[in-house]
Amino acid sequence: MGDMIKGNHAIAEAALRAGAEFYAGYPITPSTEIVEYLSERMPELGRVFIQAESEGASINMVIGASASGARCFTASSSVGMTLKQEGISHLADMNLPFLAVNVTRYGNGLGTLDTGQSDYNRDTRGGGSGDYRNIVLSPSGLQEAVDLVGLAFDLADKYRVGAILHTEAALGQMMEPCDMPEFREVKRREDGINGDYTIKNRVSPLTADRRKEAIELKERYEIIKANEQRWEEGYLEDADYVIVAYGLAGRSAMGAVEQIRAEGHKVGFIRPITLWPFPEKAFSKVNPNVKGYISVEENALGQMVDDIALTLKKYKNSSTPIYCLAYAFGIPTMKKIKEDFLRINAGELKEVY
Amino acid sequence: MAKKRKLPEMLGKQISFCPGCGHGVVVRLIAECIEELGQTNNVIWNIGVGCYSLASIGINADKFDSLHGKASATSTAFKKLNPDTLIISYQGDGDAYNIGIGESISTAYRNENITVITVNNTNYGMTGGQMSATTLPGQMTTTSPKGRDCATTGMPIKFPELVATQFPNAAYVARGSVTSPANVNKLKKYIKNAFEAQLNNEGYSLVEVLSPCPTNWGMTPLQSHDRVDNEIMTYYPLGEFKKREVK
């Protein structure tokens, strides 16, 4: 087992070990330790670090870095990620891969500094203007976060899309033991430009066949949906109820499921690791006679619950009730999830769908 | 006898600008300087958003289409990752001085070793002639229909003067024009100086170009050139505001 390390530091170090050559970012709580760590670590490794003047400038620097073919990333938190969306949309338009780490904090506008999951809809739907998606990966612990960083870069390169590591405030601030991966080679993608004009077929947005591009993008997303769904599951075959939760809420829910089962209730869980593509395939394993699904979320409105409903509509019996335990912000405790499950089981809470 | 100018290799394709517009001259001068400095296969044209975005279709060289106002930020990354490549941010006044003023100032302030060329035609050309940060006092545009009122909209920005006086590390800052053979020749020297400064790692360089916009000014090409010479130059003087230090 590796040494104890803080979440934001672990993610930053993992990115460098995955071969990230370029970072540009801006300080924002609770992601700031990433920019701080990299300011020292990247010059030490001979990589490019820039503290940008704004979130917008930093994503535009990432655009230049990715166009140069470099493995590149930025990090921010919720409202800071909002400011990057124009650039993220441009990256999608140019088919340029990148990683953005979103250490989410709950709330609208400036929001709060509390851990939360209020960016689910924004991050899984693309986020800026246009017709695109990013691969969104959500860890529930630090070892998983470290492992997902390398995967995120690889998937972004493979599919020529953006990758979002969708973590959260508490995960960024807490410490856990982590095994760090070995250093990978720093190298440029072959499609990057360096001024020598050897890539003559680069398509300008002004001359692109937009209809053809849009259809190609849709086809690429279908391949991603087919190949890249990731999740953790338990006890689905005999489940009367299935709890669906991701991130730290997911980790808490998994503990709650053990406690609930110990009391004799047949409960299973699905913990999405890819938020986009949503792990629809996980639902095919669920007991056909399941009585209900329960989405556990760190937001007030319930956001992922809609994706559960859409999945059931597509693959399962859409009349199965879907409940939502939306705790606004903060990590729901196992005890709280258990208590609320018992209320659902007793018919005291109304379903959302 | 006048010397015939050779068409630079990278400008084989036609680029369409309005009759009398200065962009064609500026693109040509940049390409000539690139070729004369032996950088034809060592340059990234990073192009902002405006009429001049059309230039990206006709330039046979590595080029990139940046978001509106953000070319200085993308150029920063291009340079950091390609330190020996000539990086050019080609922008307009609305792009560099309005929506992109944060990126423009910050890039100059950090003294990034890139060259920014801003073509200043005192309005937003591509969207049909709205007021920009460089619209002159009293100038009528589609968003200052009674003439720019500087009491409520501020005075036109002088970005080269700002950089030259406030950012002591900047390597080279100048303002030129395209309105006469003499001005074109001077402008070419300014552009070449800026590129040489970058290639010698001297730091940030900026050349602003006063350029006519006859279509949006409602003038003939000749009238629009006269306006640059007789009106715009009285507010925006030509010259080198920061010369290269002899090292």
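No lab work stands behind these numbers, since they all come straight from the coordinates. Keep in mind that what you see is a predicted model, and the values were worked out from it rather than measured. Cβ sites come from the backbone with ideal geometry, for glycine too, and all protein chains shown count toward neighbours.
Residue pairs whose Cβ atoms lie under 7 Å apart, sitting 6 or more positions apart in sequence or on different chains, and linking a residue in segment A:198-218 that is more than 8 Å from chain B (Cβ to nearest Cβ) to a partner that is surrounded by 11 or more Cβ atoms within 10 Å (Cβ to Cβ) and not in a helix (DSSP H, G or I), are A:ALA214/A:ASP131; A:LEU217/A:TYR132.
If the condition is being of a type in the set (Asp, Glu) and surrounded by fewer than 17 Cβ atoms within 10 Å (Cβ to Cβ), then segment B:152-200 contributes only B:GLU161. Among the criteria (1) under 25 Å from B:ALA133 (Cβ atoms); (2) surrounded by 22 or more Cβ atoms within 10 Å (Cβ to Cβ), the one B:ILE34 does not fulfil is (1). So which of A:ALA163, A:ALA208, A:ALA170 is out of contact with any strand residue (DSSP E or B) (no Cβ under 6 Å at 6 or more places or on another chain) and surrounded by 18 or more Cβ atoms within 10 Å (Cβ to Cβ)? Criteria check complete, one pass: A:ALA170.
Looking across segment B:112-143, the residues that are among the hydroxyl-bearing types (Ser, Thr, Tyr) and surrounded by fewer than 18 Cβ atoms within 10 Å (Cβ to Cβ) come down to B:THR127, B:THR142, B:THR143.
Specify which of the listed residues (B:TYR124, B:TYR109) is under 30 Å from A:ASP196 (Cα atoms) and in contact (Cβ under 8 Å) with a residue 40 or more places away in the chain. Show your work before the answer.
On the way: B:TYR124 fails: under 30 Å from A:ASP196 (Cα atoms).
Being under 30 Å from A:ASP196 (Cα atoms) and in contact (Cβ under 8 Å) with a residue 40 or more places away in the chain holds for just one of B:TYR124, B:TYR109, which is B:TYR109.
Restricting attention to segment B:32-57, the residues being over 16 Å from the mean Cα position of the chain (by Cα) and within 10 Å of another protein chain (Cβ to nearest Cβ) number 6. Apart from one condition, B:PRO83 fits all of (1) more than 9 Å from every other protein chain (Cβ to nearest Cβ); (2) within 18 Å of B:VAL119 (Cα to Cα); the exception is (2).
Residues of segment A:227-244 include none that is away from chain B (no Cβ under 14 Å), out of contact with any strand residue (DSSP E or B) (no Cβ under 9 Å at 6 or more places or on another chain) and among the small types (Gly, Ala, Ser). Scanning segment A:52-72 for residues that are of a type outside the set (Val, Ile, Thr), in a helix (DSSP H, G or I) and in contact with an Asp or Glu (Cβ under 8 Å, 6 or more places away or on another chain) yields A:GLY56, A:ALA57, A:ASN60, A:ALA65. In the set (1) assigned to a loop (DSSP other than H, G, I, E, B); (2) in contact with a Leu (Cβ under 7 Å, 6 or more places away or on another chain), A:LEU171 fails one condition alone, (1).
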